[in-house]
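Here's the structure, in structure tokens; my notes come after.
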Amino acid sequence: MSVLSGKKIVLGVTGGIAAYKTASLVRLLSKAGAEVQVIMTPASHQFITPFTLSTLSKKPVYTEFFNSKESGTWNNHVDLALWADLMLVAPATANTLAKMAHGLCGNLLLAVYMSAKCPVYIAPAMDLDMYIHPSTAQNLATLTSYNHVIIPAEEGELASGLIGKGRMSEPETIVAVLEASLSKDLPLQNKKILITAGPTYEPIDPVRFIGNHSSGKMGYDIAKEAVKRGATVLLVSGPTNQKIEDSRVHVIPVISAQDMYEVCHQYFDEVDVVVAAAAVADYRPKDVATQKIKKKADEFSITMDKNPDILASLGAIKKQQYLIGFALETENEVEHAKEKIVKKNLDLIVLNSLNDTGAGFGKPTNKVTFIDRAFHIEPMELKSKEAVAQDIVNKIMQHYE
Ligand code: CTP
């Protein structure tokens, strides 16, 4: 669940070409569970219709103070401002930035802004010369001094055809900034978690490899859950179709067990927690053919070398790090899992038994048993992988309580 879930957001849309991106922005915010009230400036109607944004936000969009004469109603800027948990102005044109910085409130959006007591986020968008103009820089500095968060414009091709800074941040980035900012008070806010996920591919020749059926879903779900609780995540991922778009997750794609080993050791010193959810190949072909191997004899065998055990190698050098491993067993599950805790110097093991229906590779569900260093055993129900991810992150939180 996103930290934006249940949040009331006033989205101010002003008159720049980037206003077209607010359709996606409203969608993303709504998808994250936020309630979005769009307030547009009159000029922004030239770039996106109120109808589009009211349909997506499922609320009427406001632009004017006064509704039709017949209705005798008006849009109370104070009520709108007090309703909001946060206010986001995106895109914010140079004109609106200047007015916000100097207290001009000649339209509904500016009046709501002036009345708002909630945190304010501003995503500027304009042509590059306007963006670097000293007056814009001064206005942004003034707005920062009011404790507003500026979501900086990005480099790229601008609507004018010029290339430079001024493009509004992508909606995904804006949502990630809001989430990160709201996560600041979350329990894992200062924790960095390294998660391994997916299979590893061990090359045989330029076109073939030895792999496994791991989908990577478990590791990615843990990453998603950990960032929701405020953690920063390094996701060392073998080849998978899983996707994650969050500025707080740094995905490092790897192919083989050796690649994964090197990346994990490179970052180990700077992390607080490791969750080894990857299905790492235990062996790799001894010699990788440089050319595609041609079929000849009826039989073909490959000599394999043992891969390093990544988790055990981290367990051997761990200092303060909290280490969580997985164990996939088919018999004497608990005994084997306990042996792995000792052998790999783990703090917690998540045991999967292939004897449990609904558990294991490629399934949306999982049934796990937690076993800690003191061999305390905690069997869990069959759950979705998302719910298992929540249980695992709860265990991390308990460790820091
Ligand atoms: N693991 C690892 N590096 C490896 C093998 C496994 O980091 N080369 C990690 C996995 O990510 C998992 C845990 O170790 O968290 C357990 O893996 P598993 O394959 O169940 O255990 P093994 O040590 O390989 O033992 P065995 O194959 O004998 O069951």
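Computed from the coordinates by the stated procedures, all read-outs in this text should not be read as laboratory data. Worth saying up front: this structure is predicted, and the values here are computed from it rather than measured. Because the Cβ atoms are built from the backbone with ideal geometry, glycine has one as well, and the counts that use them run over all protein chains shown.
Relative contact order for segment 95-177 using alpha-carbon pairs under 8 Å, separation at least 6, rounded to a whole percent?
Relative contact order of segment 95-177: 29 percent.
For segment 76-122, would you read off the P(r) tail past 13 Å as a percentage of all alpha carbon pairs? Provide the component values of the computation, followed by the final result.
Details: 543 of 1081 pairs.
Within segment 76-122, distances greater than 13 Å cover 50 percent of Cα pairs.
Take the Cα radius of gyration of segment 120-230 and divide it by 2.2 N^0.38 Å, with N its residue count; two decimals is plenty.
Numbers: Rg = 20.8 Å, N = 111, 2.2 N^0.38 = 13.2 Å.
The reported ratio for this selection is 1.58.
So in segment 192-399, what percent of DSSP beta bridges are antiparallel if you round to the nearest 5?
Here the antiparallel bridges make up roughly 40 percent for segment 192-399.
If the only charges are +1 at each Lys and Arg Cβ and -1 at each Asp and Glu Cβ, what is the size of the charge dipole of segment 84-231 around the Cα centre, to the nearest 20 debye?
Numbers: 12 positive and 14 negative charges, 102 e Å.
For segment 84-231, the charge dipole is close to 500 debye.
Do any GluC sites (Glu not before Pro) in segment 318-369 lie in a loop, going by DSSP, with at most 12 other beta-carbon atoms within 10 Å of their beta carbon, and if so which? Kindly include the intermediate steps, with their values, before the conclusion.
Working: sites: E329, E331, E333, E335, E339; in loops: E331.
Those satisfying the criteria are E331.
Excluding same-chain residues fewer than 8 positions from K7, which lysines have a Cα within less than 22 Å of its Cα?
Within the straight-line limit of under 22 Å, K7 reaches these lysines: K21, K31, K58, K59, K117, K184, K224, K228.
Relative to the compact globular guide of 2.2 N^0.38 Å, what is the alpha carbon radius of gyration of the chain, as a ratio? Provide the component values of the computation, followed by the final result.
Numbers: Rg = 26.3 Å, N = 401, 2.2 N^0.38 = 21.5 Å.
Scaled against compact globular proteins, the figure is 1.22.
Quick one: what Rg and Dmax do you get for segment 192-399 from the alpha carbons, in Å?
Over segment 192-399's Cα set, Rg and Dmax evaluate to 17.3, 58 Å.
Among A180, L128, F51, which residue has its Cα positioned farthest towards the positive end of the charge dipole of segment 8-182, with +1 placed on the Cβ of Lys and Arg, -1 on the Cβ of Asp and Glu, and the dipole taken about the Cα centre?
F51
Taking the Cα centre of the chain as origin and charging only Cβ (+1 Lys, Arg; -1 Asp, Glu), how large is the dipole, in debye to the nearest 20?
Working: 41 positive and 44 negative charges, 94 e Å.
That gives a dipole near 460 debye.
Using only the alpha carbons, work out the radius of gyration and Dmax of segment 8-182 in angstrom.
Calculated on Cα positions, Rg and Dmax stand at 15.1, 48 Å.
Give the lysines reachable from K292 as a straight Cα distance under 29 Å; neighbours fewer than 8 places away on the same chain don't count.
By straight Cα distance, K292 reaches K306.
Calculate the spin-label point distance for T330 paired with F65, positioning each point 7 Å from the Cα along the beta-carbon direction, and give it in nanometres.
My value for the distance between the label points is 7.6 nm.
Would you list which aspartates and glutamates come within 16 Å of K8, measuring only between C-alpha atoms, while excluding same-chain residues fewer than 8 positions from it?
E35, D79, D85, E179
Return one quarter of the surface area of the convex hull spanned by the alpha-carbon atoms of segment 310-353, equal to its mean projected area, in nm².
Values: hull surface 11.0 nm².
Mean orientational projected area (segment 310-353, Cα hull): 2.7 nm².
How large is log10 of I(q)/I(0) for segment 301-401 at q = 0.12, 0.23 Å⁻¹ when the intensity is taken from the Debye formula with one equal scatterer per alpha-carbon?
Each listed q maps to, in turn, -0.43, -1.27.
Farthest toward the dipole's positive end in segment 1-106, which of G106, V26, I39, given Cβ charges of +1 (Lys, Arg) and -1 (Asp, Glu) about the Cα centre?
About the Cα centre, the residue reaching furthest to the positive side is V26.
To the nearest 0.05, how large is the calculated FRET efficiency for L82 and Q266 if R₀ is 45 Å and r is the Cβ-Cβ distance? Provide the component values of the computation, followed by the final result.
Numbers: r = 49 Å, r/R0 = 1.09.
Efficiency, from the Cβ-Cβ distance: 0.35.
Over the chain, what is the relative contact order in percent, taking alpha-carbon pairs closer than 8 angstrom and at least six residues apart? Walk me through the intermediate numbers first.
Details: 852 pairs, mean separation 43.2, N = 401.
Value for the chain: 11 percent.
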